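Colleague: Take a look at this one; I'll ask things after.
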Amino acid sequence: MNVLDLFSGIGGFSLGLERAGMRTVAFCEIDPYCRRVLAKHWSTVPVYDDVRTLTADRLRADGISVDVICGGFPCQDISSAGYKVGIGGDQSGLWMEYARIIGDLRPRYVIVENVAALLARGLDRVLGDLVALRYDAEWSCVSASDVGAPHGRDRLWLVAYPDQDGKPVVAEHDEMGGVSPNGGALHAERRQREVGFHLAGAWRIGEPLPWDRVWPGQDSPLGMGVDDGVPERLDRLRSLGNAGSIRSQGSGDPETLRFEESVRSASCRGAADRWRRSRR
């Protein structure tokens, strides 16, 4: 199946879908650095630069046919760590462009990813737009720790497909939410109670942070880096967005401050100071 990858970043969605046997035929990404990364790894795949100007006619003129559209539209207005204005905000409101492209291309499948806060700040809009386009949808919350990563990073995943002869196909409710608008949220809340702050079930709020633990595939505890190669790593951080674990580059930089704030929000104010001392 041919994939159109919207809000592509550096191609994480496409990497996974290609491993599942699909083929990416076009990207759409506004960030110039990310487009260079995509051009390096998918040198023969066109990369469009703005979802607002991407149209079905343009794709057809370029000889591109699409079976699947995937994308994680911006979460800044939805995330609990962001502006919290909802899906109508300037950035997360780009969902409207995503919906427009779905309506124009009418793919066999649509895959949407966003923060779990979408359950309360816009999922009704997403589902309403899909219904208006005669698409059914199923969704669930899945965190990174569910698939073995050493952090929580709860995300909502939604798969939509055209209804059959005007009669929606309704899936059974499952443990992780299924088609229930509240099921995913309840599952996420239950899992958070079970594993505290989510660190793969290894850390509960109030316990010392496991600074010395080295996870598989990492060369330093919790993915922390050192001060060599700062520009390259900062570009990499920006490209990954909130898809990657925090890799602080040294005392006082924005990533360090972001990390300390997350620690404070988890009621572990003393941990930030201990971490600073450990880095000296």
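Colleague: Could you say which residue among ARG52, ARG60, ARG121 is on the phi < 0 side of the Ramachandran plot, assigned to a helix (DSSP H, G or I) and basic (Lys, Arg)? Write out each step before concluding.
Modeller: Values: ARG52 fails: assigned to a helix (DSSP H, G or I); ARG121 fails: assigned to a helix (DSSP H, G or I).
Exactly one of ARG52, ARG60, ARG121 is on the phi < 0 side of the Ramachandran plot, assigned to a helix (DSSP H, G or I) and basic (Lys, Arg), namely ARG60.
Colleague: I've got another one for you. Could you check, for segment 72-87, whether at least one of its residues is on the phi > 0 side of the Ramachandran plot, in a loop (DSSP other than H, G, I, E, B) and free of Cβ contacts under 8 Å to residues at least 40 places away in the same chain? Outline the logic, then answer.
Modeller: The first filter runs over segment 72-87 and keeps only residues on the phi > 0 side of the Ramachandran plot, leaving 84, 86.
Now narrow it down to the ones that are in a loop (DSSP other than H, G, I, E, B): 84, 86.
Still in the running and free of Cβ contacts under 8 Å to residues at least 40 places away in the same chain: 84, 86.
Within segment 72-87, one or more residues are on the phi > 0 side of the Ramachandran plot, in a loop (DSSP other than H, G, I, E, B) and free of Cβ contacts under 8 Å to residues at least 40 places away in the same chain.
Colleague: Condition (residue is free of Cβ contacts under 8 Å to residues at least 60 places away in the same chain, surrounded by fewer than 18 Cβ atoms within 10 Å (Cβ to Cβ), small (Gly, Ala, Ser) and outside any helix (DSSP H, G or I)) applied to segment 28-41: is it met by at least one residue? Step through it out loud before you land on a result.
Modeller: First, the residues of segment 28-41 that are free of Cβ contacts under 8 Å to residues at least 60 places away in the same chain: 28-30, 32, 35-36, 38-41.
Restricting the remaining residues to those that are surrounded by fewer than 18 Cβ atoms within 10 Å (Cβ to Cβ) gives 30, 32, 36, 39-41.
Of the ones still in play, those that are also small (Gly, Ala, Ser) are 39.
Imposing the further condition that a residue be outside any helix (DSSP H, G or I) reduces the set to none.
The answer is no, given that none of the residues of segment 28-41 is free of Cβ contacts under 8 Å to residues at least 60 places away in the same chain, surrounded by fewer than 18 Cβ atoms within 10 Å (Cβ to Cβ), small (Gly, Ala, Ser) and outside any helix (DSSP H, G or I).
Colleague: Ok, one more. Please verify whether segment 146-168 includes one or more residues that are closer than 22 Å to ASP5 by Cβ, among the β-branched types (Val, Ile, Thr) and either free of Cβ contacts under 8 Å to residues at least 12 places away in the same chain or surrounded by fewer than 20 Cβ atoms within 10 Å (Cβ to Cβ) (or both).
Modeller: For segment 146-168, residues closer than 22 Å to ASP5 by Cβ, among the β-branched types (Val, Ile, Thr) and either free of Cβ contacts under 8 Å to residues at least 12 places away in the same chain or surrounded by fewer than 20 Cβ atoms within 10 Å (Cβ to Cβ) (or both): present.
Colleague: Also: Kindly provide the set of residues from segment 42-62 that are of a type outside the set (Val, Ile, Thr), out of contact with any strand residue (DSSP E or B) (no Cβ under 9 Å at 6 or more places or on another chain) and exposed (fewer than 14 other Cβ atoms within 10 Å of the Cβ), ordered by number. Don't jump to the end; show me each part of the working.
Modeller: Start the filter on segment 42-62 by keeping residues that are of a type outside the set (Val, Ile, Thr), which leaves 42-43, 46, 48-50, 52, 54, 56-62.
Subset that is out of contact with any strand residue (DSSP E or B) (no Cβ under 9 Å at 6 or more places or on another chain): 43, 52, 56-57, 60-61.
Scanning segment 42-62 gives SER43, ARG52, ASP57, ARG60, ALA61.
Colleague: Take the residues in segment 1-12 that are surrounded by 21 or more Cβ atoms within 10 Å (Cβ to Cβ) and on the phi < 0 side of the Ramachandran plot; name whichever of them is nearest to the chain's Cα centre (by Cα). Break it down into steps so the answer makes sense when it comes.
Modeller: Of segment 1-12, the ones surrounded by 21 or more Cβ atoms within 10 Å (Cβ to Cβ) are 3-11.
Filter once more, so that each one left must be on the phi < 0 side of the Ramachandran plot: 3-6, 8, 10.
Values: VAL3: 17, LEU4: 16, ASP5: 13, LEU6: 12, SER8: 10, ILE10: 12 Å.
So, considering only residues that are surrounded by 21 or more Cβ atoms within 10 Å (Cβ to Cβ) and on the phi < 0 side of the Ramachandran plot, the one nearest to the chain's Cα centre (by Cα) is SER8.
Read-outs throughout are calculated quantities, based only on the coordinates presented, and are distinct from any laboratory measurement. Because the structure is a prediction, the values reported are computed rather than measured. With ideal geometry, Cβ positions are generated from the backbone for all residues, glycine too; neighbour counts draw on all protein chains shown.
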